Structures are given as C-alpha cells and as structure tokens.
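Let me begin by presenting the structure, written as structure tokens, before commenting on it.
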Amino acid sequence: MMKLLSISGLWWFLLAVGFVHGEGLVGSNNARGLKMMMRKWNKGQMRKHYWNRDRPSYSSSSSSSKSSSKKVNAPKSLQKKSKRKRMSAKGKRIRMRPTKRTPHPTPMPSTGSAATPTRTPTTDTPTTLPSTQPTEFPPSEPLGVWVQSGSDIILDLSDGASIPPPGNVAIATSTNGDMVLAGLSGQVVAFQYDNDMEDWVQMGQTLSFAVEYLAMASSGTRIALSSSSGITRVYEYNATSRSWIPLGADITDDSIQEPVALAMSGNGSILVTGGNYNNFGGLGIPTRAYEFNTANNEWVQMGQDITDGQASNAFVDVSSDGDIVAVGYPSEEPSFARVYRYDSGTDGWIQVGQDIEGQFQFSRAGSSVVLSAMGDRIVVGDPGGGNGGIVQVFEFNEGTASWEQIGSNMGQINEFTFDTGVNVAASADGNIVTYGPYGNGYDDEAHVAVFQFDDATNDWSQLGQSLLRGNSQTGQVSAYFVSVALSFDGRVLVTGSIESKQEGSDFLFDGRVRIFTFS
C-alpha cells in the first residue's frame, strides 16, 4: 500500500472498507456516517480490525480481537515490539507507523575492498577489532595552514647601519606567542598582540642597544640583550610605568670586544652567555651561566666556567629550569655540539653524553642549538652540511647514556638553499622544529618550513605550507638573514628577516617580523 494517500484516494478507501466490513456507512451523501468512520479510523479501531482479520491473535498482545483464530505464542522479537506499542499507547496518542531501521555503521573500515560501497553494515553490532589495513579515505581533520596574525612589524634600517650577523633580525617570543621581541640596527622593540585591534602593539619604550643576540623569559616580561662589544644587559617590564627597567648590573668582560650568544631559562632567573675567542688577541670569553640574586639585585655566576674560552663562536641554549646547557662549536674541526648538566653537589657543570659531530665535509654543526624544555632533546643546525645545510634532532638515551638521532635529516641538500640551519627553533617538547635559512635570494625553493615528528613513521613531516619563498619570476627577494622562534606548543611561528625588493636599478631594504598561527 502506498505510504501516503491523497484526499480522494482516502475517500474511496474508506468507502470500500465501510462496505466490506459493515461499519455503518449508508452512502456517500451521509456526512454524519463519514465523520464517525473517520473518528474510528483515527482511533485505530477500524485499522486494527482490518489488519488483524486474517491474523492469529498472540497471547502477548494487549489489543483484543474478535477473530476466532487459534492463539499461538509469539516470538520474543514480536513480543518486544508489542510491548513498545503498549508503552506508547499509555501516553499521548501516537500515530503508529512502521519505520525503517537505521543501520549501525562499524567504527573501523573493513579489511577488504568492494567494487561499490555497501549501504548496510556487515553485522548488527559494531566491530570491536581495528582494521588490519589503513583506510583509503583522507583524514577527517584538515592538515592545516599557517595564517599570519596581524600585520608586518617593520624595523627601519638606518643609513650606514651594519646588517646584523646571520640569523638576525634578532627575535624571541613568550610561551604562548602573544609577545614578541625584535632587535635590529641599534634598536630593540617589544610587541604584544591586541585581540581587540587584531594587531601588534608596542610594549614599552624602544631600547637603544647595539643588539646582536636577545632572549625572552616565558612570561615575556623579562628580556636579555647582548651587544657587539660583549655587553649583556637584562630588562624587566614594569606594567605600572609601562616601561623596561634594567635588572641588575651589566654582565661584561673588558678584555675582549666580541659579540656573545645568549639564552635564558623559563622564569628568567638564569642566564647563559656563549663564549667566544678573539683570534687576534688570543683572548677568549668562557661560556658561563648566571643566576639572579634578588637580595643583592645582581647576577652571580653559577658554578665554574662551562668552557675555557678557547673555542670560537660558541652558540648556546638552556633548558626551562636552567640546569642543562647546550653549546655549539661550528668553527672547530670537526664542528660539534655538546650538552652539560649542572651538579649542585660540586657546583660544577658535567658533560652529558658524547659530542654530536657534523656528518659532512665542511660541516658547521652547532651554528645554532636548541634544547627542549626538559633538556632531553637537542636540535642542531648545520648550515654547511650537504652543501645547502641540514637540521638534525637528537634524543638522550638514558640506557646507553648517549645522544641518538631521531628521524632523518631536515633541509634541502643542494647549493641553492643558502645555509639552511643557520637558525633553528623548537617547541617545548621538541616534537615541532623549524629552521631559517641565511637567505633565499631569487631561488624559489629556499624557504622557512616547520616539521612535526610522526611516531608512526619515526620521521619528520612538514607541518603546513612553506613560508617566505623567493620569486625568480618577479625578482622579489623575500628574506635574508632569516631568524625563527616558536611558541611553547609550536603553533605560533615568528620570523625575522631583512627584506629587499628591486625597483628599477635600486634595492629597497627593511627589517620585517611576521607572526603566523597554525590553524
């Protein structure tokens, strides 16, 4: 029977039923008889009589029947259906209609393949075991893209100003990525993201400082700067006066005028300065750690010198608690990175694991080093590795007391990538890593890329699209001296670069900082 009846169809159906079963409908002109007939039909009395006239009456059914058929026991499935009808009938009158059963899909894909997809499940209940084969369908969640937050932060290059060393524009960011510190050409500026304006707003005054390296505590309210003359200075932000106030005296060594690398612990109470070696005077600055003494308002050396100052260009990083320090020696032969742990019992620094040496001829391993928050992973940048440069990640194995590489090398091994790995950054757990090239010139392939470690494949896969590409077609030089920083979770990326664009025979330069959020 059709699921829906037209008005005229229903009219003739009622006439037919009435005449066949003698329900008192005298004729088509008897309106009163027709109304009574309709009320009986709506109450279900006629439908019950019509549908059950040739069926046996089950003992479990609550509806009475005048049929003289022999009673039989109903199957349990029908008894349950009858019970559901009785329960429904206790409340508001519900028009009972048969409904199609909704199939229960299985939560896992089937192990085999079919020519056409099935419309019904293979079993009445969901399967509990996972499929042995991966699904051929794409993942339900999008891979995500990097989206710029706010506008570019532009740092003007003064006439006659020297360009900072590779990796600068110097940048740093707070834990959640909502505060950014940038330094270039004798000026240092901090910015904070304003959610209402959806843009970056300067935080405090511009600091006049010949900055080479800088660092920022997790909160973003304590910063450290080092100059080309070897001076290290720490500032703390005063929210009342909205200004940066020096914290303690400058850390300096008058015997040498060389830039010093810099790193700061999570709470900003421990500061590590990278050593350097003056090839002309034969004097060196050891790598040292300092802890802030609140009572005396001064920075006090923590343990003995970490290195003896005879190594050139020591780049440094420190764990969140300040007890583990990584040092990179790219100018040594062979180049390498080394990790130290502070021993409070002896008030000294002890090497952890073996030296991590460069794997290629002309390697400059340790040109940049980054530790995870706990200090159990180290990211090593090697701009000379494989011509174009590589980035490697190592994890400390407690059982063998050694550093073991996880995943394969990252980077683009060709001669056009302009020193990939001269600047690296990582999330707190070391699962997300990014690198900044020395520059990308007119090459379309050199760029900033972010990678995430995949436990399933035990390797690194790119997270989102590549950024800051050059354009050989338009002559756009996107970025030189690219520096990078990541937030605690690795979902906020900060890039700093000196950019130029050719207009006629002239090149226009400026410093730019961009902040991207992964979504």
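Only the coordinates and a few stated rules stand behind these numbers; no lab work does. Since this is a predicted model, take the numbers as computed values, not measurements. Heads up, the Cβs are rebuilt from the backbone with ideal geometry, glycines too, and the neighbour counts pull from every protein chain shown.
Some observations on this one:
- Look at 342, 480 and count the other Cβ atoms within 10 Å of each Cβ; fewest to most, that gives 480, 342.
- Using R0 = 25 Å, the C-beta based FRET efficiency linking residue 359 and residue 331 works out to 0.90.
- Taking a sphere under 14 Å around the Cβ of residue 291 and counting the other residues whose Cβ falls inside, with K and R at +1 and D and E at -1, yields a net charge of -2.
- Over all other residues within a Cβ to Cβ distance under 10 Å of residue 149, the charged ones net out to -2, with Lys and Arg as +1 and Asp and Glu as -1.
- Net charge over other residues, Cβ less than 15 angstrom from the Cβ of residue 242 (K, R count +1; D, E count -1): -2
- Mean Cβ neighbour count within 10 Å, used as a protection proxy, ranking 295-304, 318-327 highest first: 318-327, 295-304
- Fully extended contour minus Cα-Cα distance, from residue 456 to residue 194, at 0.36 nm per residue: 90.5 nm
- Here each label is just a point 7 Å from Cα along the line to Cβ, and for residue 296 and residue 508 those points are 5.3 nm apart.
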